[in-house]
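Here the structure is laid out as structure tokens; the discussion comes afterwards.
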Amino acid sequence: MRLSDLLDCEKGTAEVEVVGLSSDSRKVRPGYLFAALSGRTRDGITYIQDAVEQGAVAILAPPGTHIDETTVRLVVDANPRQMLARMAARFHGRQPATVVAVTGTNGKTSVVSFTRQLWSAIGNNSASLGTLGVVADSFSAQLSHTTPEPVTLHALLADMADRGINHLAIEASSHGLDQHRLDGVVIQAAAFTNLSRDHLDYHGDQESYFAAKKRLISEVMSNGVAVLNADCNHFSDLNVVARRRGHQTISYGLKGQEVKLVKVKPGSGGQDVEIELLGRRHKAWLPLVGAFQVSNVMCALGLVVGGGVGPHEAAASISNLRGVDGRLDLVAKHSSGAPIYVDYAHTPGALESVLIALRPHVTRSLWVIFGCGGGRDRGKRGEMGAVAQKYADRVIVTDDNPRDESPEVIRKAILDACPKAQEVSPRDEAIALAVDSLTSGDVLVVAGKGHEENQTIGSDVLPFNDGDVIRDILGSPGRVW
């Protein structure tokens, strides 16, 4: 593709043939454009010469950049990350016909999964993209980031379109939005689930975190449908932003207008729900536990309707929805009958939602096992400890992914806010202690790692899956009771 076409400009001095894009100088091949992006620890400008030696024919860089190679074109832009995303969209040129995206602290993975399932139930060739990788009706693939960098993302979108996938639901992470990874994606509907503390190690403060999330509606999507949680404290602000951008809005929740929760009654392994969708009521048995899962389903309904599906069709398959791996996932039952769940909750808000969701199913003690990751937001450790102190009956504090931090220091920060907790390490021993202690009427949730298959301790990445550990302890590997 000609550089002038990538830049969407008139032919002229920028005329050169580009055969590929990369922001990693090690992946540059002859004929590539290299994007010299600045990161938190590395500045891409220092790798320009490496890219040139690898055969780059063009360089994208911020103002003030100079190169000595007269045969290499220099493209200067004040926001090279955004420019790269738009170039990647033009370079690959193909996307599924209907793309929706969801952001928020909690619920993204479940929402995109439910959206994909609802689409598939009415005959659309559908996929979801996010924390669990690419999940499609016809194939799957792992990803290194919840929201991939734009060159990878647009290559994926083109591949999906070529495979006949016409509907796609994407998780939009705060990192991805802040770094303009989604710019260039044509989004028909965008959802905002909620906002609580997370990723402050990256964003610095809650205001910056919210600003990054808000970009999905305030900048990335054009002339679309904003699906907003009416029960979220930021609803009014987001609603104003959406209307200023000319978006149609769909509000959902107890206070929702277009998607309103009328009634919910918890039962064994699920809940009876009654939802009013665009003025028409739908009753269904939802085979999922937790009020927050009802909220996630309503968000998915809003996205499906916002993407062009009729409300009756959208609501027809609620009862057939399946839970997402590692999200309030019933992985086993103790011989006493006590259910054991695994959940990805790794923020104060998510842990609170999970414990509140499980409380109606407890007649004796609600157990929780959790830790906090190393090298991440340290301020949330005490907050998570306080949540466990308030909402759980029995608490075991253990290790999550300590990475390069001292596990003992991480655990102490949690324990200072949760004096009733036991401290048990390593994680498998903590799980074994809880499982061996369960009796009839108890419920156990192992929180923090969810679907993850590894545990990072120092520089070691060790195989570890909470569900597998639980089933091994019970002597029933591979079997969900």
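The values are calculated or read from the model by the stated rules, or taken from the named source; none is laboratory data. Since the model is a prediction, treat every value here as computed from it, not as a measurement. For neighbour counting, all protein chains shown are included, and Cβ atoms are generated from backbone atoms with ideal geometry for every residue, glycine included.
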Residues in segment 137-173 that are part of a loop (DSSP other than H, G, I, E, B), aliphatic (A, V, I, L, M) and crowded, with 22+ Cβ neighbours inside 10 Å total 2
>> Yes or no: segment 103-112 includes at least one residue that is out of contact with any Ser or Thr (no Cβ under 6 Å at 6 or more places or on another chain), buried (at least 23 other Cβ atoms within 10 Å of the Cβ) and not in a helix (DSSP H, G or I).
In response: yes
When restricted to Gly270, Gly310, the only residue free of Cβ contacts under 8 Å to residues at least 12 places away in the same chain and more than 18 Å from the chain's Cα centre (by Cα) is Gly310
Quick count over segment 54-89, residues being charged (D, E, K, R) and surrounded by 15 or more Cβ atoms within 10 Å (Cβ to Cβ), is 4
Taking the conditions exactly as written (surrounded by 23 or more Cβ atoms within 10 Å (Cβ to Cβ), assigned by TED's automatic domain parsing to the domain that holds Gly307, under 21 Å from Ser174 (Cα atoms) and not aromatic (Phe, Trp, Tyr)), does Ala226 satisfy them or not?
yes
**OP:** Test Ala51 against the stated conditions and say whether it is assigned to a loop (DSSP other than H, G, I, E, B) and either crowded, with 17+ Cβ neighbours inside 10 Å or touching a Cys at 6+ places or on another chain (Cβ under 7 Å) (or both).
**Re:** no
Going through segment 126-153 in order, the residues found to be farther than 23 Å from Asn296 by Cβ and touching a residue at least 24 places away in the same chain (Cβ under 8 Å) are Ser138, Phe139, Glu149, Pro150, Val151, Leu153
Of the residues in segment 375-403, those that are modelled with pLDDT of 95 or more and assigned to a loop (DSSP other than H, G, I, E, B) come to Ala392, Asp393, Thr398, Asp399, Asp400, Asn401, Pro402
Restricting segment 113-135 to residues that are among the polar types (S, T, N, Q) and part of a helix (DSSP H, G or I), the one surrounded by the fewest Cβ atoms within 10 Å (Cβ to Cβ) turns out to be Ser120
Per the filter on segment 465-481, residues under 13 Å from Gln455 (Cβ atoms) and either outside any loop (DSSP other than H, G, I, E, B) or at pLDDT below 50 (or both) are Asp466, Asp468, Val469
When restricted to Lys390, Lys380, the only residue out of contact with any strand residue (DSSP E or B) (no Cβ under 9 Å at 6 or more places or on another chain) and buried (at least 22 other Cβ atoms within 10 Å of the Cβ) is Lys380
Residue pairs qualifying under the 8 Å Cβ cut-off, at least six apart or on distinct chains, with the first in segment 331-351 being on the phi < 0 side of the Ramachandran plot and modelled with pLDDT under 95 and the second being in a strand (DSSP E or B) and of a type in the set (Ser, Thr, Tyr), are Val331/Tyr341
Taking segment 254-265 and the residues there that are surrounded by 14 or more Cβ atoms within 10 Å (Cβ to Cβ) and under 21 Å from Pro287 (Cβ atoms), the one that is modelled with the lowest pLDDT would be Val264
